[in-house]
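Notes follow the structure.
The values are calculated or read from the model by the stated rules, or taken from the named source; none is laboratory data. As the structure is a computational prediction, the values presented were derived from the model and not from experiment. In this analysis, Cβ positions are derived from the backbone assuming ideal geometry, glycine residues included, and neighbour counts consider all displayed protein chains. Surface areas here come from the heavy atoms of the whole protein model, side chains and all, with no ligands, DNA or RNA. Shrake-Rupley method; radii C 1.70, N 1.55, O 1.52, S 1.80 Å.
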Amino acid sequence: MSDTAQPTGRCYCGCGKEIGYGRYFAAGHDKTAEAAFLAIHHDGTVAQMLHAHGYRPVADRNAEGSVTKAAVDKGLWLECPRGCGYRGARESINNHVNRHHRD
């Protein structure tokens, strides 16, 4: 048995709705599940979730404790290639560069 979530044809939020092949959630239900999970495990806040995993506000964005630095360090996110400090997923970086760094 795999430790990775697998699509089952039913929405993962627990509503019971049938969904399309290869999908995990009905439209918008990922946010419903996320909000319920935060309420159950982290007093309903992203800040408490981050704190529970060792992330915290930092004065230096490159300091240990920065969740965005951790995402970049793990190779899951990128830094803006123009050096402005923006961090995000590959598609977010592409959108950011196209919006904020037009030549």
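The residues listed here are Ala47, Ala71; of these, the one that is surrounded by 15 or more Cβ atoms within 10 Å (Cβ to Cβ), within 23 Å of Gly88 (Cβ to Cβ) and under 16 Å from the mean Cα position of the chain (by Cα) is Ala71. Considering only residues in the stretch 50-63 that are of a type in the set (D, E, K, R) and at pLDDT 95 or above, the one that is least open to solvent (accessible area, probe 1.4 Å) turns out to be Asp60.
Looking across the stretch 74-103, the residues that are open to solvent by 50 Å² or more (accessible area, probe 1.4 Å) and over 19 Å from the mean Cα position of the chain (by Cα) come down to Pro81, Arg82, Gly83, Cys84, Asn98, Arg99, His100, Arg102, Asp103. Exactly one residue among Ala59, Ala39 is farther than 29 Å from Val97 by Cβ and over 16 Å from the mean Cα position of the chain (by Cα), and that residue is Ala39.
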